[in-house]
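Step one of this worksheet: look at the structure below.
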Amino acid sequence: MKRTKITDVLKSTEYGKDVCVKGWVRSHRTSKNVDFIALNDGSTIKNVQIVVDPELTVTGCAAPESQPSLKDVTTGACICVEGTLVESPAAGQPSEIQAKAIEIYGLCGNDYPMQKKGQSFETMRKNAHMRLRTNTFGAVMRIRHNMAMAIHTYFHEHGFYYFHTPLITASDCEGAGNMFQVTTKNLYDLKKDEDGKIIYDDDFFGEQTSLTVSGQLEGELGATALGAIYTFGPTFRAENSNTPRHLAEFWMIEPEVAFLDQEGLMDLEEDFIKYCVRWALDNCKDDLEFLNKMIDKTLIDRLEGVLKDSFVRLPYTEGIEILQKAIADGHKFEFPCNWGDDLASEHERYLVEHHFKKPVIMTDYPTAIKAFYMKQNTPCDANEANKTNEANKPQASTGYKGCVAPGPTMQGTDVLFPQIGEIIGGSVREESYDKLMAEIKRRDMETDKLWWYLDTRRWGSCPHAGFGLGFERLILFVTGMQNIRDVIPFPRTPKSAEF
């Protein structure tokens, strides 16, 4: 008999029809007159209940010295069930299956690590090869799939082209190191020059190469040819960070758009993230309701809240003012937050969760704490800086009301979300060759490996902008999970590359 997925069985009202379902046992309750098996095949968070006569003959694999029996159908076992779909008399389930035949595909003993009793997430991380079979991780992975579909659909519908950027690169996009090297050299016999530097002439690529930290620079090349592109692929950072927000291997979405200014970039960021959240609410109802009940009871309200209001657009300088006022009023932060500091997650979350109570797009960061390729704001002259607005405050050089930034700022547009902090990092890119070169020299960066990137500013340069969204951070927000290691199938972290 042809198999029917459990999600389709649970939607069916063809009572009296014989069906075949296959999956893994979530639980098995026995009694004198009847057994109940909860079966799940991964197609839905919901199980189908199998009603079994205890005298039913079971076939399939078993220990060599014995024939299989109903007692072998334990939690985790894989079985095939043929039976009749009937309307269920029990509350909370529309239908169940009266079993006519059960075949065991795979036994599962008492040492199975994902027993029905509760397991800590730390324990499940140690069994990442088995945790995918649990309700929680099944829900997370189905939502992860749906978010990938939402991303591709959004960009396709808005005229973007899916652009594949290389995973192996000779450049460091962020200019900050912390990259995994790629080499075919014998690590036990490395040839070095007289200065002690490794000679790469005989390596596969003939130069030092690494796994990419971002596809942005190559993405900019695509945008200056196709107009609007997006990347969606794995990226790698060799940061020794054992935190709930960091992975060594993670996925990034990086759109780049020609002829886009800062205001348009913020519009794109807000529209895109709302589209993804709306998609989750529309397409992942059962999984979200499960996670809302078991993981975070405010999850669905928080997701719906994102869609209700426009995001706050807040210059960094004014954000610092708000944070410093909070400190003056007695709020305690672990890290300092003076002008020029790179805000910590606790600062970002205070602005989002306590002050504004809605997502924030923070703009116009100090140039010194951001990447070299970001476009600087034009400094206001002394006379303009001394002018005041209606609130008797100096006019900011960016055109926003608020205090004047004491140093140069750039056209950044970072989206801050509740529970997460920064979820998107974006900016207008510097299109001027001379200004970009000046910033590269100011930072004492090497230009020999960026010649191809600089050529885009020499030949037909155009205004353009883009952002990067950490896919796993989006999944964290949409699922309510608390650790980024629990929203990717097989997390790569310091001292951990199993599975």
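The values are calculated or read from the model by the stated rules, or taken from the named source; none is laboratory data. Everything numeric in this text was worked out from a predicted model, so none of it was measured. Here the Cβ positions follow ideal geometry from the backbone for every residue, glycine too, while neighbour counts run over all protein chains shown. For accessibility, only protein heavy atoms count, side chains too; no ligands or nucleic acids. Shrake-Rupley method; radii C 1.70, N 1.55, O 1.52, S 1.80 Å.
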From the residues in region 172-202 that are under 23 Å from Trp452 (Cβ atoms) and of a type in the set (D, E, K, R), which one is modelled with the lowest pLDDT? Glu174
Going by what's in this entry, would Phe477 be described as under 13 Å from the mean Cα position of the chain (by Cα), modelled with pLDDT of 95 or more and farther than 25 Å from His355 by Cβ? no
Which listed residue is more than 21 Å from Leu288 (Cβ to Cβ), in contact with a helix residue (DSSP H, G or I) (Cβ under 9 Å, 6 or more places away or on another chain) and of a type in the set (S, T, N, Q), from Gln67, Gln93, Gln119, Gln115: Gln119
From the options Lys435, Lys449, residue that is out of contact with any Gly (no Cβ under 6 Å at 6 or more places or on another chain), modelled with pLDDT of 95 or more and among the charged types (D, E, K, R): Lys435
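Conditions (1) touching a Lys or Arg at 6+ places or on another chain (Cβ under 9 Å); (2) within 17 Å of Glu218 (Cβ to Cβ), marked per residue:
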position	(1), (2)
Met410	yes, no
Val415	no, no
Gln419	yes, no
Ile423	yes, no
Tyr433	yes, no
Met437	yes, no
Ser461	no, yes
Ala465	yes, yes
In region 141-167, what residues are among the charged types (D, E, K, R) and either farther than 13 Å from Tyr230 by Cβ or not in a helix (DSSP H, G or I) (or both)? Arg142, Arg144
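Among the residues of region 182-192, is any closer than 23 Å to Cys462 by Cβ and not in a helix (DSSP H, G or I)?
no
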Test Ser210 against the criterion of being closer than 27 Å to Phe232 by Cβ, under 23 Å from the mean Cα position of the chain (by Cα), in a strand (DSSP E or B) and not aromatic (Phe, Trp, Tyr), and give yes or no. yes
On the given criteria, is His156 touching a residue at least 60 places away in the same chain (Cβ under 8 Å), surrounded by fewer than 16 Cβ atoms within 10 Å (Cβ to Cβ) and not polar (S, T, N, Q)? no
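Would you kindly identify the strands (runs of 3 or more DSSP E) lying entirely within region 1-116 that contain at least 1 residues that are free of Cβ contacts under 8 Å to residues at least 12 places away in the same chain?
18-29
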Identify all residues within region 290-301 that are open to solvent by 30 Å² or more (accessible area, probe 1.4 Å), assigned to a helix (DSSP H, G or I) and either of a type outside the set (D, E, K, R) or within 16 Å of Val415 (Cα to Cα) (or both); write none if there are none. Phe290, Asn292, Met294, Ile300
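From the list Ile45, Ile102, Ile97, Ile79, which residue is within 17 Å of Thr136 (Cα to Cα) and at pLDDT 95 or above?
Ile45
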Per the list (1) at pLDDT below 95; (2) more than 30 Å from Asp434 (Cα to Cα), residue check on His347 breaks on (1)
Of everything in region 204-245, what is open to solvent by less than 30 Å² (accessible area, probe 1.4 Å), under 30 Å from Asp486 (Cβ atoms) and among the β-branched types (Val, Ile, Thr)? Give them in sequence order. Thr212, Val213, Thr231, Thr235
Inside region 121-136, can you point out the residues that are in a helix (DSSP H, G or I) and either surrounded by 13 or more Cβ atoms within 10 Å (Cβ to Cβ) or of a type outside the set (Ser, Thr, Tyr) (or both)? Phe121, Glu122, Met124, Arg125, Lys126, Ala128, His129, Met130, Arg131, Asn135, Thr136
Can you find, within region 246-276, the residue that is modelled with the lowest pLDDT among those that are open to solvent by 50 Å² or more (accessible area, probe 1.4 Å) and assigned to a loop (DSSP other than H, G, I, E, B)? His246
So, in region 314-371, of the ones that are within 21 Å of Pro244 (Cα to Cα) and among the aliphatic types (A, V, I, L, M), which residue ends up surrounded by the fewest Cβ atoms within 10 Å (Cβ to Cβ)? Ala344
Just wondering, is there one or more residues in region 188-203 that are buried (at least 19 other Cβ atoms within 10 Å of the Cβ) and touching a strand residue (DSSP E or B) at 6+ places or on another chain (Cβ under 7 Å)? no
So which residues in region 65-120 are surrounded by fewer than 16 Cβ atoms within 10 Å (Cβ to Cβ), in contact with a Phe, Trp or Tyr (Cβ under 9 Å, 6 or more places away or on another chain) and of a type in the set (Asp, Glu)? Glu87
Write out, first by first residue and then by second, each pair whose Cβ atoms fall under 7 Å of each other, whose residues are 6+ apart or on separate chains, and whose first residue, in region 297-311, is closer than 22 Å to Asp286 by Cα and without any contact (Cβ under 8 Å) to a residue 40 or more places away in the chain while the second is open to solvent by less than 40 Å² (accessible area, probe 1.4 Å) and among the basic types (Lys, Arg). Leu307/Lys274
Could you say whether any residue in region 215-227 is in contact with a strand residue (DSSP E or B) (Cβ under 6 Å, 6 or more places away or on another chain) and part of a strand (DSSP E or B)? no
